[in-house]
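The values are calculated or read from the model by the stated rules, or taken from the named source; none is laboratory data. All values derive from a computational prediction rather than experimental measurement. All Cβ positions, even for glycine, are placed from backbone atoms using ideal geometry, and neighbour counts span all protein chains on display.
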Amino acid sequence: MRFLSALVLAGLLLSASPTFAADAAKVDSGDTAWMLLCTALVIFMTIPGLALFYCGMVRKKNILATMMQSFSLCALITVVWFVAGYSLAFGTGNAWIGDFSRFFLSGLGENFDKPFTLGAGTEAAVATTIPESVFLLYQMAFAIITPAVVTGALVDRMKYTALIFFFVLWSLLIYAPLAHWVWSPLGWLNVMGVADFAGGTVVEINSGVTGLVCAIVIGRRLGYGQDNMAPFNLALAVIGAAILWVGWFGFNAGGSLTAGGRAGMAVLATQMAAAGATLSWAVSEWIWRGKPTVLGAISGAVAGLVAVTPAAGFLLPGPALLLGVISGLICMLAATWLKFKLRYDDSLDVFGVHGVGGLTGMLFTGWFAYGPLSATEATPQGVYIGGMKLFEVQLISCLVTITFVAIGTMILLQITDLVIGLRVTSDDERQGLDEALHGESLG
């Protein structure tokens, strides 16, 4: 008994000692494991998720070329992120851009096993419980999927070389600064108080507006509005949409950077919004056209997932379901009535789903953000509380994003056109990009 008592006493003393307390500054294995899982889920969303979703909605002669775009961008943006993208987006820098401290990920090995502090050395520093390698990997997955989403607006007609050249510039000059504005603690939109949990501006509005500008500048597909451009294999698109749905749990819940209650609520909000949008798009289509379509159901699911992206860490389940229902209806109108009314050829409805859905989610968050989900010790009522003040910040952030992305994309497209040329020849387009660009076909 004396021996056991001594052990208990020693354990109590040890737990109160400075040495043991220092363990609190160590990497949290649970949070790290969760974030590694989230990272894998987001990359899985691009390959094979988005690749299957998109290739299932194009014509047979362009299936391989469409998949190649997602696959190539996964590799390309990984290297761009390694060289400069991460440093420009999340280096401390200033209110507008990061710095050169992490070019080629230099210095990453110095504290590879220590918790990462975003904006270290500044008054706005944000401490995490994960190593920097995991943080940059998670953010890399976002940097990969955003340009991959844009390709849905360009399928069937953009040169492969032009796509590669354009997205290198776009990732460094549009995506990285925007990510810094919104997610760096020194970024000017962050300081202004924007509530964007997982990328309503950086990913969704950004990709939607980029896709719209690209579709307008490059022009409509040959035979648009006359030829049969029905999807070749919707089964592939359904599989892709299912992967996106599951992967989106990592996409949204990883925004908490921890495996706590807020991550759990974000997963729940994501599921509710996806379900609501799937049903609202399908039912409204049923009423309007007499039949609910498979394409409509999977498009609705993605619309709900897009809309809840900025809101996932700020909404309770009820408002999340309502957001899903609203976004399903609005995105359906944007992808059908608005697109055909304005006659732009956004091939796979990138603007109608991602641009409009992201805008809807951002503004909805401004009204319905539940304060306690963003509470801290300093602000027990919450950092982000729905109301007119937050709504105004959200609106300004959306307008800034739309303006910056539209102008920047237009300039980069003009540069790409001068250097390489944007569009394949008419003969190549008629033949199909699988054979014309890659010398392969499905047979």
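Observations on the model:
- Any hit, the stretch 422-434, residues being closer than 17 Å to VAL209 by Cβ and crowded, with 21+ Cβ neighbours inside 10 Å: no
- Residue among VAL194, VAL168 that is within 22 Å of GLU392 (Cβ to Cβ) and of a type in the set (Val, Ile, Thr): VAL194
- Test: residue in the stretch 138-148 that is over 21 Å from LEU433 (Cβ atoms), aromatic (Phe, Trp, Tyr) and in contact (Cβ under 8 Å) with a residue 12 or more places away in the chain: yes
- If the condition is being over 12 Å from the mean Cα position of the chain (by Cα), over 27 Å from TYR344 (Cβ atoms) and without any contact (Cβ under 8 Å) to a residue 60 or more places away in the chain, then the stretch 201-258 contributes ALA242, SER256.
Conditions tested, residue by residue: (1) more than 20 Å from ALA141 (Cα to Cα); (2) assigned to a loop (DSSP other than H, G, I, E, B); (3) out of contact with any Leu (no Cβ under 7 Å at 6 or more places or on another chain).
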| residue | (1), (2), (3) |
| --- | --- |
| ASN206 | no, no, no |
| PHE232 | yes, yes, yes |
| MET272 | yes, no, no |
| ALA282 | yes, no, yes |
| ILE298 | yes, no, yes |
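- Just one of the numbered conditions (1) in contact with a Cys (Cβ under 7 Å, 6 or more places away or on another chain); (2) modelled with pLDDT under 95 is not true of VAL383: (1).
- Selection from the stretch 368-381 of residues that are of a type in the set (A, V, I, L, M, F, W, C) and over 22 Å from the mean Cα position of the chain (by Cα): ALA375, ALA378
- Meets criteria (without any contact (Cβ under 8 Å) to a residue 60 or more places away in the chain, of a type outside the set (S, T, N, Q) and touching a Gly at 6+ places or on another chain (Cβ under 6 Å)) for ALA269: no
- Some residue of the stretch 419-437 being within 30 Å of GLY193 (Cα to Cα) and hydroxyl-bearing (Ser, Thr, Tyr): no
- Condition check for GLU132: surrounded by 13 or more Cβ atoms within 10 Å (Cβ to Cβ), closer than 26 Å to ALA378 by Cα, charged (D, E, K, R) and out of contact with any strand residue (DSSP E or B) (no Cβ under 8 Å at 6 or more places or on another chain): yes
Per-residue answers, yes or no, for (1) aliphatic (A, V, I, L, M); (2) within 21 Å of GLY211 (Cα to Cα); (3) more than 26 Å from the chain's Cα centre (by Cα); (4) buried (at least 16 other Cβ atoms within 10 Å of the Cβ):
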residue: VAL383; (1), (2), (3), (4): yes, no, no, yes
residue: SER397; (1), (2), (3), (4): no, yes, no, yes
residue: ILE407; (1), (2), (3), (4): yes, yes, no, no
residue: LEU412; (1), (2), (3), (4): yes, yes, no, yes
residue: VAL419; (1), (2), (3), (4): yes, yes, yes, no
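- Search result, residues across the stretch 365-387 that are out of contact with any helix residue (DSSP H, G or I) (no Cβ under 9 Å at 6 or more places or on another chain) and part of a loop (DSSP other than H, G, I, E, B): ALA375, THR376, GLU377, ALA378
- Only one of the listed residues (LEU329, LEU359, LEU323, LEU305) is part of a helix (DSSP H, G or I), modelled with pLDDT of 95 or more, among the hydrophobic types (A, V, I, L, M, F, W, C) and surrounded by fewer than 22 Cβ atoms within 10 Å (Cβ to Cβ). That residue is LEU329.
Yes/no per residue for (1) of a type in the set (Val, Ile, Thr); (2) within 21 Å of SER426 (Cβ to Cβ); (3) surrounded by fewer than 20 Cβ atoms within 10 Å (Cβ to Cβ):
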residue	(1), (2), (3)
VAL213	yes, no, no
LEU222	no, yes, yes
ALA242	no, no, yes
GLY250	no, no, no
ALA253	no, no, no
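- The stretch 372-381, residues that are closer than 19 Å to VAL126 by Cβ and surrounded by fewer than 18 Cβ atoms within 10 Å (Cβ to Cβ): ALA375, THR376, GLU377, ALA378, THR379, PRO380
- Lone qualifier among ALA51, ALA89 - being buried (at least 21 other Cβ atoms within 10 Å of the Cβ), over 25 Å from THR258 (Cα atoms), among the hydrophobic types (A, V, I, L, M, F, W, C) and touching a residue at least 12 places away in the same chain (Cβ under 8 Å): ALA51
- Cβ pairs under 7 Å, 6+ apart, first in the stretch 392-416 and at positive phi, second of a type outside the set (D, E, K, R) and surrounded by 14 or more Cβ atoms within 10 Å (Cβ to Cβ): none
- Exactly one residue out of SER133, SER87, SER101 is in a loop (DSSP other than H, G, I, E, B) and among the small types (Gly, Ala, Ser): that is SER101.
- When the residues of the stretch 93-124 are filtered to those that are modelled with pLDDT under 95 and of a type in the set (Val, Ile, Thr), the one that is surrounded by the most Cβ atoms within 10 Å (Cβ to Cβ) is THR117.
- Unmet requirement for ILE130, which otherwise passes all of (1) more than 21 Å from LEU178 (Cα to Cα); (2) aliphatic (A, V, I, L, M); (3) out of contact with any helix residue (DSSP H, G or I) (no Cβ under 8 Å at 6 or more places or on another chain): (3)
- Qualifying helices (runs of 4 or more DSSP H) (wholly inside the stretch 1-61; at least 2 residues being modelled with pLDDT under 50 and over 31 Å from the mean Cα position of the chain (by Cα)): 2-15, 18-21
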